[in-house]
Structure formats: C-alpha cells, structure tokens
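Trainee: Following this message is one structure expressed as structure tokens.
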Amino acid sequence: MRCPFCAHENSQVKDSRPTEDGTAIRRRRQCEQCAARFTTFERIQLRDIVVVKSADRREAFDRNKLELSVSLACRKRDVSQEKITQLVSGIQRQIETSGENEVPSQRIGELVMDGLRQLDSVAYIRFASVYRDFSEARDFEEFASNVKDVGKR
C-alpha cells in the first residue's frame, strides 16, 4: 500500500479488525520509509459498476462519493456515522447484486432517498432538494408537506 504522505510503496500492517457493521476490514498501517501511520479499509467488491449519468456520461461507481453525499444530507442531524455506513453498504450491496454492470444515477438517487426516508426526515428533504433540483421555496413546501416524520432511531 502506497504511503499517502511520502508515496513510498511499502507499508506494514500494525493492526487489523473488522468494522462495526462487519462489511470491511480496518487496517492500521505504518510506512516503512517515513514511519507515518494511516488507516485503510478493505471491502468486498463483487463487480465493477459503471454509473450512467445525464447525457449518457459514464463514470466508475465511487462508494466514497456516495457516502459523502449521504453524510452531507445528515450533517448536524442525530444520525451516527455507523448508520450512514450501514445505509451506504446496503445501497452498494443492492447495486452489486442487481446483476447489472451499468446503473443509472437516478436509480442510485432513488435508493438513497428510500434509505434516508427511513433514517431521518430532514436528511431526506435535504437530499431531495439537491437530487430533485428544488429551485424555489415552494418546491420545499410541496415536498415537505408529503413527508411524515420518522420515529426516533
């Protein structure tokens, strides 16, 4: 594993353990050259997924990008990082087990919306405002009026 600090090719694993949700292995590493420590995560990848975006553009599925989007929607909400990771892992699993190598970005957006609807109503509305491209306050009002509060997690 390449060191993120000095780009040296070799590092030594100091500690390995499964993540709390059991979907990855967390490894603490130390660079053999500069002795810096960093963490890596090893996850199962069933297949290479390509996301089909607007205007037929294609890009590789990026779990980190998905997790960042969900985290932004949940920012300053009472949603733990563990819940966010579980949601993202579930979405990734659904995508990978669908049997398709190409997934429309709209499908991923709908999966996120379904998950956030169950997790936190405010995060759901936040994500929807970007995903559905709300342009006026009345767009929020109309959408929010149809959202029922989610019970405590």
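Trainee: For region 10-38, name all the residues that are of a type in the set (A, V, I, L, M) and exposed (fewer than 13 other Cβ atoms within 10 Å of the Cβ). Step through it out loud before you land on a result.
Mentor: So the first thing to find is which residues in region 10-38 are of a type in the set (A, V, I, L, M), and the list is 13, 24-25, 35-36.
If the condition is that a residue be of a type in the set (A, V, I, L, M) and exposed (fewer than 13 other Cβ atoms within 10 Å of the Cβ), then Val13, Ala35 are the ones that fit.
Trainee: Within the bounds of region 101-120, is there any residue that is touching a Ser or Thr at 6+ places or on another chain (Cβ under 6 Å), closer than 27 Å to Phe143 by Cβ and part of a helix (DSSP H, G or I)?
Mentor: Step one: list which residues in region 101-120 are touching a Ser or Thr at 6+ places or on another chain (Cβ under 6 Å), which gives none.
No.
Trainee: In this structure, does Ile95 turn out to be crowded, with 20+ Cβ neighbours inside 10 Å and over 28 Å from Glu141 (Cα atoms)? Let's see the steps before the verdict.
Mentor: On the way: crowded, with 20+ Cβ neighbours inside 10 Å: yes; over 28 Å from Glu141 (Cα atoms): yes.
When the stated conditions are applied, Ile95 passes them.
Trainee: The conditions are (1) surrounded by 14 or more Cβ atoms within 10 Å (Cβ to Cβ); (2) under 16 Å from the mean Cα position of the chain (by Cα); (3) among the aromatic types (Phe, Trp, Tyr), and Phe41 fails exactly one of them. Which is it?
Mentor: (1)
Trainee: Criterion first (farther than 22 Å from Phe61 by Cβ, out of contact with any Ser or Thr (no Cβ under 7 Å at 6 or more places or on another chain), exposed (fewer than 14 other Cβ atoms within 10 Å of the Cβ) and hydroxyl-bearing (Ser, Thr, Tyr)) does Ser135 satisfy it? Break it down stepwise before answering.
Mentor: On the way: farther than 22 Å from Phe61 by Cβ: yes; out of contact with any Ser or Thr (no Cβ under 7 Å at 6 or more places or on another chain): yes; exposed (fewer than 14 other Cβ atoms within 10 Å of the Cβ): yes; hydroxyl-bearing (Ser, Thr, Tyr): yes.
Spelling it out, Ser135 is indeed farther than 22 Å from Phe61 by Cβ, out of contact with any Ser or Thr (no Cβ under 7 Å at 6 or more places or on another chain), exposed (fewer than 14 other Cβ atoms within 10 Å of the Cβ) and hydroxyl-bearing (Ser, Thr, Tyr).
Trainee: Pairs needed: first member in region 134-148, small (Gly, Ala, Ser); second member anywhere, surrounded by 13 or more Cβ atoms within 10 Å (Cβ to Cβ); C-beta distance under 8 Å; at least 6 residues apart or different chains.
Mentor: Partner pairs satisfying both residue conditions: Ala144/Ile125.
Quick note: the coordinates plus some simple rules give every number you see, no bench work behind them. Source: prediction; values computed, not measured. Note: ideal-geometry Cβ built from the backbone for every residue, glycine included; neighbour counts use all protein chains shown.
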